[in-house]
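Please treat every number below as a calculation from the coordinates, not as lab data. In this text the structure is predicted, and so the values were computed from the model without any measurement. Every residue, glycine as well, gets a Cβ built from its backbone with ideal geometry; the counts of neighbours run over all protein chains shown.
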Amino acid sequence: MGMLIIGNHVSPYARKVLVALDHKGVEVEIDPIVPFYGTDAFTAVSPLRRIPVLIDGDLVLNDSTVIAEYIDERWPDPPLMPKGAADRARARWMEEFADSRLGDLLIWRLFYQRTVVPSVWKREPDEALIARTIERDLPEALDWIEARAPAEGFLFDHVCTADIAYACFFRNAALVGYAIDAECWPRTAGWIARVGAVPAFAASMKFEQAIFGVRSADRRAALRAAGARISEQSYGGAVPQRSLMLGDGPRD
Ligand SMILES: N[C@@H](CCC(=O)N[C@@H](CS)C(=O)NCC(=O)O)C(=O)O
């Protein structure tokens, strides 16, 4: 078996590492599970029951940031981190803000409510939480991002993991109907569009489109038909399990 990523292109965290690998021309097999359907074997390699997971021989890595840094060190060309200690630290903090704050706002409060809550947990989304997020919390986060978004090009002198992370989160937002208002946040809107046009990111769109809204059980076939290399074995099962990190309920 070659190197494996457990995860799918609709997870912003998994997509970050899949785009990084593609950007570097590294081939990988994918097991595109929805994490809630992970089996006990999944728990064994992902103790928080989260995607992505990278498995490379006897190396098992968790967390998209850890995985992306491993990828960048193992295949240094083209680089996905800036040079120099200060810029590298800045890049890590920018990525962390996206992973934590945009993860909370765009994934758990928006995307999760609109997609996972009705389809996996068979409940109505929490509309009050969604409204509060869009009207109050996201504008605050976008103001912070706007002050740091580049007017042209990327955060540093070439596209980096941090740029990709933001574009991944805003793609999930777009999938549930949220677009950055370019009149309010023009630099952010322009920057995210430029990252979206980076070939490896643009190439991920066909995989996202192949699986978004497709039942967990049918995703392997859909992705294979779209040209992805799908693993023989899967860490996914038929029955969803409670999220270790969230319980199975909405979060505020
Ligand atoms: N810090 C982690 C977060 C990963 C994460 O939250 N992944 C989501 C999918 S988008 C997940 O697996 N959620 C399942 C759960 O929390 O139960 C990373 O960067 O990889």
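I need the phi-derived Karplus couplings for region 166-177: 6.51 cos²θ - 1.76 cosθ + 1.60, θ = phi - 60°, integer Hz, Gly and Pro marked x.
Going residue by residue, I get 4, 5, 4, 5, 6, 5, 4, 4, 4, 5, 10, x Hz, with x marking Gly and Pro.
Report the paramagnetic label zone for Ser119: residues of region 17-45 whose backbone N is under 11 Å from a point 7 Å from Cα along the Cα-to-Cβ axis.
Those under the cut-off are 34.
Give me Rg over Rh for region 66-131, both radii from the alpha carbons and Rh done the Kirkwood way, two decimal places.
On the way: Rg = 17.2 Å, Rh = 14.3 Å.
That ratio equals 1.20.
Using modelled amide H (1.01 Å from N, peptide plane; none on Pro or chain starts), what sits under 5 Å from the amide H of Ser231, excluding residues fewer than 5 places away?
Ile30, Asp31
With each run of n ≥ 4 DSSP H residues scored as -39500 (n - 2.57), what mean residue ellipticity at 222 nm is computed for the chain after dividing by its residue count and rounding to the nearest 500 deg cm²/dmol? Present the calculation step by step, with values, prior to reporting the outcome.
Details: 10 runs with 103 residues, N = 252.
Calculated mean residue ellipticity at 222 nm is -12000 deg cm²/dmol.
In nm, to one decimal, how far is the modelled label at Gln209 from the one at Asp77, with both set 7 Å along Cα→Cβ?
3.3
When N is the residue count of the chain, what does its C-alpha Rg come to as a fraction of 2.2 N^0.38 Å?
Working: Rg = 17.4 Å, N = 252, 2.2 N^0.38 = 18.0 Å.
The chain yields a ratio of 0.97.
Among Val120, Pro12, Cys160, pick out the residue whose Cα is farthest towards the positive end of the charge dipole of the chain, where Lys and Arg carry +1 and Asp and Glu carry -1 on C-beta, about the Cα centre.
Val120
If only Cα atoms are counted, what is the Rg of region 28-95, and what is its Dmax, in Å?
14.2, 42
Name the residue, out of Val19, Val116, Val53, whose mean-square fluctuation peaks in a Gaussian network model built on the chain with Cα pairs under 10 Å.
Ranking Val19, Val116, Val53 by mean-square fluctuation puts Val116 first.
Using a Förster distance of 35 angstrom, determine the FRET efficiency expected from the C-beta separation of Cys184 and Asp58, and round it to 0.05. Provide the component values of the computation, followed by the final result.
Values: r = 49 Å, r/R0 = 1.40.
Given R0 = 35 Å and the Cβ-Cβ separation, E is 0.10.
Using the Karplus curve 6.51 cos²θ - 1.76 cosθ + 1.60 with θ = phi - 60°, what ³J(HN,Hα) values do you get for each residue of region 36-45, in whole Hz, with x for Gly and Pro?
Per residue, the Karplus-derived 3J(HN,Hα) values read 4, 8, x, 7, 5, 5, 5, 4, 5, 9 Hz.
How big is the convex hull of the Cα atoms of region 1-129, per residue, in Å³? Don't jump to the answer; show the numbers that get you there.
On the way: hull volume 14.3 nm³, N = 129.
About 111 Å³ per residue, rounded to a whole number.
Go ahead and run the numbers for FRET between Arg229 and Ala174, Cβ-Cβ distance against an R0 of 30 Å, rounding to 0.05.
Numbers: r = 26 Å, r/R0 = 0.87.
Efficiency for this residue pair is about 0.70.
Might you report the magnitude of the Cβ-based charge dipole of region 74-143 about its Cα centre, with Lys and Arg at +1 and Asp and Glu at -1, to the nearest 20 debye? Provide the component values of the computation, followed by the final result.
Details: 12 positive and 13 negative charges, 55 e Å.
So the magnitude is around 260 debye.
Can you give me the long-range amide H partners of Gly38? Hydrogens built in the peptide plane at 1.01 Å from N, cutoff under 5 Å, separation of 5 or more residues or another chain.
Those lying under 5 Å, H to H, from Gly38 are Gly237, Gln241.
So what's region 126-252 giving for Cα Rg divided by 2.2 N^0.38 Å, two decimals? It would help to have the intermediate numbers written out before the result.
On the way: Rg = 17.5 Å, N = 127, 2.2 N^0.38 = 13.9 Å.
For region 126-252, the normalised Cα radius of gyration is 1.26.
May I ask you to evaluate 6.51 cos²θ - 1.76 cosθ + 1.60, the Karplus curve with θ = phi - 60°, for each residue of region 214-231 and list the ³J(HN,Hα) values in order in whole Hz, giving x for glycine and proline?
8, 4, 3, 5, 9, 6, 4, 5, 5, 6, 4, 5, 7, x, 7, 8, 9, 5
Would you kindly calculate the mean projected area, averaged across all directions, of the convex hull enclosing the Cα atoms of region 85-199, in square nanometres?
On the way: hull surface 30.1 nm².
Averaging across all directions leaves 7.5 nm² for the Cα convex hull.
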